[in-house]
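Okay, structure first, notes after.
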Amino acid sequence: MRELRNIIAQAVADETGPVLTLDAIAPHTRDMLSRPRGERAPGFHPRRLDEVKRCHACLTLDHFKGDRAKAAEALGVGPDELDALVGRETAQA
């Protein structure tokens, strides 16, 4: 349920119009949701969770053009936790 809430929250943040459309959901997320349960995405390979979290946090920060407050809000974390996710050197850049 939390994952669905995060998907919807990100779609709302990305939507520019007054109505939330399927286009607001990231293409990779739409692809994941459309596959039968248990079917892997092409090219999938397991990664360490800390690596996945860091990558997602960095991409979110980039999406918001470095705005830490907006990125942290979209991720559902505080600015300090965002800094910890992306790594000290990245957060200060």
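What the table shows:
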| quantity | calculated |
| --- | --- |
| Qualifying GluC sites (Glu not before Pro) in region 1-52, DSSP loop, other Cβ atoms within 10 Å at most 15 | E15, E39 |
| Sites R35 and N6, calculated FRET efficiency, Cβ-Cβ separation with R0 25 Å, nearest 0.05 | 0.85 |
| Label-point separation in nm, A84 to H63, each point 7 Å along Cα→Cβ | 2.2 nm |
| Volume per residue of the C-alpha convex hull in the chain, rounded to whole Å³ | 122 Å³ |
| Per-residue Cβ neighbour rank within 10 angstrom, fewest leading, H45, H28 | H45, H28 |
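Computed from the coordinates by the stated procedures, all read-outs in this text should not be read as laboratory data. Computed from a predicted structure; not experimentally measured. So basically every Cβ, Gly included, is an ideal-geometry build from the backbone, and we count neighbours across all protein chains shown.
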